[in-house]
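Peer 1: Below is a structure I'd like to ask you about.
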Amino acid sequence: MCDSCGCGLSPIRTIDVNQRLLASNAAQAEHNRTHLAGRKILAINLMGTPGAGKTALLEVTIARWREYRRILVIEGDQATDRDSARIRAAGATARQVETGLGCHLDARQIHDALHHLDLRDGDLLFIENVGNLVCPALFDLGERLRAVVTSPTEGADKPLKYPPMFRAAHLVVLNKCDLLPHVPFNLDEWTEYVRAINPHARIIETSAFRGDGVGEWLAAIDDLRQSFCVGLSA
């Protein structure tokens with residue numbers, strides 16, 4: 001019985017489901033991170049909007065590194081395995097995760113996908129998240145590196161509109177730079193916004209289509225991978 005009014009109903013309790021969900025996800029993410037670290041695999045969470053060119057950037061990465069790095073990919077989409085088919089055609093092992101109505105990948109989905117991959121075949125694990133600038137920023141997947149891919153067609157103000165995503169990034173990639181002469185996009189303004197949100201992120205300008213900036217992208221990942229491996233050996 002409710003003490004306050006004698007109505008016979010149970011007292012109202014507020015349960016913060018979101019916090020419990022994030023705590024459970026964080027625990028699973030740490031398990032994933034430990035699992036991957038034991039195999040010296042650097043996991044990279046690749047985030048960004050649909051159409052920013054995340055898959056195209058992965059394709060050119062695989063093409064450049066096919067003979068030097070063993071690359072595994074987990075592809076997240078609400079439906080279809082089209083992107084994982086592209087990754088396999090490029091020469092890497094891929095596992096598709098269809099999220100249905102889900103707008104992001106979570107650590108449990110990554111854990112399950114890892115059991116379908118031979119981790120002995122990998123140096124790098126790219127996780128291409130569902131195209132979205134909101135939800136993926138909230139969910140740790142067990143990655144060591146977060147990269148956000150955006151493009152000039154999205155406008156220069158995206159870092160201001162979606163600060164958690166850009167604040168969480170180690171690398172911010174402006175892809176499709178071949179379109180800069182053709183769209184109203186102020187590069188200096190965009191860079192200023194990124195720096196205001198995240199002064200520590202490394203900014204890289206690329207065109208996966210033409211290959212511009214891809215070398216710098218690969219060098220940035222290699223630098224972080226070497227730091228990661230040194231940390232494991234220490």
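We did not get these values from a lab; they are worked out from the coordinates using the rules stated. Since the structure is predicted, the reported quantities are computational estimates derived from the model, not experimental observations. Here the Cβ is made from the backbone with ideal geometry for all residues, glycine too, and neighbour counts use every protein chain on show.
Peer 1: Per-residue counts of other Cβ atoms within 10 Å, averaged by peptide: what ranking do you get for 141-148, 181-188, 112-119, highest first?
Peer 2: On the way: 141-148: 24.1, 181-188: 11.4, 112-119: 14.6.
So the order, starting with the most tightly packed, is 141-148, 112-119, 181-188.
Peer 1: Using the alpha-carbon atoms, what tilt in degrees (0 to 90, nearest 10) does helix 54-65 show relative to the longest principal axis of the chain?
Peer 2: The two axes meet at around 50 degrees.
Peer 1: Take the alpha-carbon centre of the range 151-187, take the same for the range 67-108, and report the distance between them in whole Å.
Peer 2: Taking the Cα centre of each part, the range 151-187 and the range 67-108 sit 23 Å apart.
Peer 1: Please work out the Kirkwood hydrodynamic radius for the chain, using every pair of different C-alpha atoms, and report it in angstroms with one decimal place.
Peer 2: Values: mean 1/r = 0.0532 Å⁻¹.
One over the average 1/r among Cα pairs gives 18.8 Å for the chain.
Peer 1: Follow-up question, since we're still on this one. When we measure straight from the Cα of Lys158, which lysines land under 22 angstrom away, once same-chain ones fewer than 8 places off are left out?
Peer 2: Lys158 reaches Lys54, Lys176.
Peer 1: Taking the 0 to 90 degree range and rounding to the nearest ten, how far is the long axis of helix 187-197 tilted relative to the main principal axis of the chain, both from C-alpha atoms?
Peer 2: 40 degrees
Peer 1: What's the local net charge at Ala168, with K and R +1, D and E -1, over the other residues with C-beta under 10 Å away? Don't jump to the answer; show the numbers that get you there.
Peer 2: Details: positive: Arg146, Arg167; negative: Asp140.
My count for the surroundings of Ala168 gives +1.
Peer 1: Compute the FRET efficiency between Asp112 and Ala219 as 1/(1 + (r/R0)^6), taking r as their Cβ-Cβ distance and R0 = 35 Å, and round to the nearest 0.05. Intermediate results must be reported in sequence, preceding the final value.
Peer 2: Numbers: r = 33 Å, r/R0 = 0.93.
The computed FRET efficiency comes out at 0.60.
Peer 1: Could you work out the helix-only [θ] at 222 nm for the chain, with each DSSP H run of four or more residues adding -39,500 (n - 2.57) and the total divided by the number of residues, to the nearest 500 deg cm²/dmol?
Peer 2: Working: 8 runs with 90 residues, N = 234.
Mean residue ellipticity at 222 nm (helix-derived): -11500 deg cm²/dmol.
Peer 1: Now for a separate question. Report the local net charge at Asp81: Lys and Arg +1, Asp and Glu -1, summed over other residues whose C-beta lies under 14 Å from its C-beta.
Peer 2: Working: positive: Arg82, Arg86, Arg88, Arg95; negative: Glu75, Asp77, Asp83, Glu98, Glu128.
That works out to -1.
Peer 1: Right, another one. Using a Förster radius of 25 Å, what is the FRET efficiency between Leu179 and Arg64 based on their Cβ-Cβ separation? Nearest 0.05, please. Please list the in-between numbers first.
Peer 2: Values: r = 22 Å, r/R0 = 0.87.
Result of the calculation: an efficiency of 0.70.
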